[in-house]
Amino acid sequence: MSLVAEAYPALVLNADFRPLSYFPLSLWSWQDTVKAVFLDRVNVVDEYDEVVRSPTIEVRLPSVISLKEYINLDRYPAFTRFNVFLRDRFLCQYCGGQYPAEDLTFDHVVPRSRGGRTTWDNVVTACQSCNLTKGDRLLRECGLHLCRPPARPTTYELQRNGRAFPPNYLHESWRDFLYWDSELES
Ligand SMILES: [Zn+2]
């Protein structure tokens, strides 16, 4: 049987059985997953029907695994392009418009030419048009307003925002873990 690399990914859960991340959904390729199982780093929670065989062994491909060692998600997330977009929920922070990621850019609230730094509290997601309007000006000089003052998010906040972006494909065996971990609305 031949398996393409992207097929049969495993949903990766933390040691507390909550997904490591939502958006992108924490998935490992079957190759990485099988390796981790053999290294005894993960528990197999659920499996696909598919089997890989070598001359000596036969393995059912895991569809859900949980890490044996808990990864602490309380620390602050990395300051990356993706995480800034995720913090801002892919919305332009000036006009509030929603755009595909490729139409979004970054804006320095205090422009770099005016001493603004590239930090969580000075960088926001912006659409091309607002970015152009703003140019090298300060907010009070261009008439634009921020939807929300930018700040460093916690990993928890990013997780919460990520839940708003359901993945295109969900294997049946993943649904429970995603479902039981969703926020209850009061
Ligand atoms: Zn905009």
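The values are calculated or read from the model by the stated rules, or taken from the named source; none is laboratory data. Owing to the predicted nature of the structure, the values given are computational and were not obtained by experimental measurement. For neighbour counting, all protein chains shown are included, and Cβ atoms are generated from backbone atoms with ideal geometry for every residue, glycine included.
Within the stretch 55-111, which residues are in contact with a Cys (Cβ under 9 Å, 6 or more places away or on another chain) and assigned to a helix (DSSP H, G or I)?
Matches in the stretch 55-111: Asp103 only.
For the structure I just gave you, tell me whether Glu6 is more than 19 Å from Phe177 (Cβ to Cβ), within 23 Å of the chain's Cα centre (by Cα), modelled with pLDDT under 95 and among the acidic types (Asp, Glu).
Working: more than 19 Å from Phe177 (Cβ to Cβ): yes; within 23 Å of the chain's Cα centre (by Cα): yes; modelled with pLDDT under 95: yes; among the acidic types (Asp, Glu): yes.
When the stated conditions are applied, Glu6 passes them.
For the stretch 90-105, give me each residue that is over 17 Å from Trp120 (Cβ atoms) and of a type outside the set (Ser, Thr, Tyr).
Matches in the stretch 90-105: Cys92, Cys95, Gly96, Gly97, Gln98, Pro100, Ala101, Glu102, Asp103.
Take the residues in the stretch 17-54 that are outside any strand (DSSP E or B) and among the basic types (Lys, Arg); name whichever of them is surrounded by the most Cβ atoms within 10 Å (Cβ to Cβ).
Result: Arg18.
Of the residues Tyr94, Tyr70, Tyr76, which is in contact (Cβ under 8 Å) with a residue 40 or more places away in the chain and within 16 Å of the ligand (Cβ to nearest atom)?
None of the others qualify; the one that does is Tyr94.
Kindly indicate which of Leu132, Leu146, Leu178 is in a helix (DSSP H, G or I) and modelled with pLDDT of 95 or more.
Going through Leu132, Leu146, Leu178 in turn, just one is in a helix (DSSP H, G or I) and modelled with pLDDT of 95 or more: Leu132.
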